[in-house]
Amino acid sequence: MMTIKSLNKWANAHTYYPLDLLRIALGVFFFLKGIQFISQTHMLTELIGPLKGYGGVMLAIHYIAPVHLVGGLLIAFGLLTRWALVAQIPILLGAILINFVGLMNWGNLLLALVILAVSVFFIFYGSGKHSVDYYLKMKM
């Protein structure tokens with residue numbers, strides 16, 4: 001618990017608008033991906049196709065879209081950012097795994113790796129000073 005408080009203090013002392021814009025862009029990206037998965041369910045089932053024999057495909061389909069939608073909104077507003085990003089990590093690891101099990105698509109692999117790196121950064125950095133979390137913390 002003390003580590004999270006010290007990380008929050010450091011992040012609030014070293015916050016910059018470009019990092020907040022990056023967090024908002026990450027949240028919008030996840031939200032748009034959630035909309036894309038809902039509107040194109042057949043594409044999601046094709047992506048998960050190489051993992052069909054391992055079970056849990058329907059569970060994965062019903063996990064990915066809601067986590068992207070709700071998590072994207074939470075990340076964009078800076079509310080429970082770390083928890084929302086922790087929920088995104090299995091999806092991102094699955095996106096990287098699908099590239100190695102199925103057809104290799106370098107663009108998707110690179111995108112998943114970059115988004116994973118940014119997500120891990122914000123798990124440690126937090127939501128920053130210009131977020132709903134910070135606003136609510138100052139009101140209390």
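The values are calculated or read from the model by the stated rules, or taken from the named source; none is laboratory data. As the structure is a computational prediction, the values presented were derived from the model and not from experiment. Don't worry about glycine lacking a Cβ; one is built from the backbone with ideal geometry, like all the others, and counts go over all protein chains shown.
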Exercise for the section: Return yes or no: is Ile115 of a type in the set (A, V, I, L, M, F, W, C), assigned to a helix (DSSP H, G or I) and over 20 Å from Arg23 (Cα atoms)? Expected result: no
Practice task
Working only within region 95-120, note down all residues that are surrounded by fewer than 17 Cβ atoms within 10 Å (Cβ to Cβ), in contact (Cβ under 8 Å) with a residue 24 or more places away in the chain and not hydrophobic (A, V, I, L, M, F, W, C).
Solution key: Gly102
Handout entry: Selected residue [in contact with a helix residue (DSSP H, G or I) (Cβ under 9 Å, 6 or more places away or on another chain) and at pLDDT below 90] from Leu69, Leu92, Leu51, Leu85
Key = Leu51
Problem - Some residue of region 79-94 being at positive phi and not small (Gly, Ala, Ser) - result: yes
Fill in the blank from the handout: Taking first residues from region 22-43 that are under 16 Å from Ile61 (Cα atoms) and second residues anywhere that are among the charged types (D, E, K, R) and part of a helix (DSSP H, G or I), the pairs with Cβ under 7 Å that are 6 or more apart or on different chains are none
Completion exercise
Residues in region 111-140 that are among the hydrophobic types (A, V, I, L, M, F, W, C), over 13 Å from Leu80 (Cα atoms) and modelled with pLDDT under 80 total 2
Exercise for the section: Kindly provide the set of residues from region 14-48 that are at pLDDT below 70 and loosely packed, with under 15 Cβ neighbours inside 10 Å, ordered by number. Expected result: His14
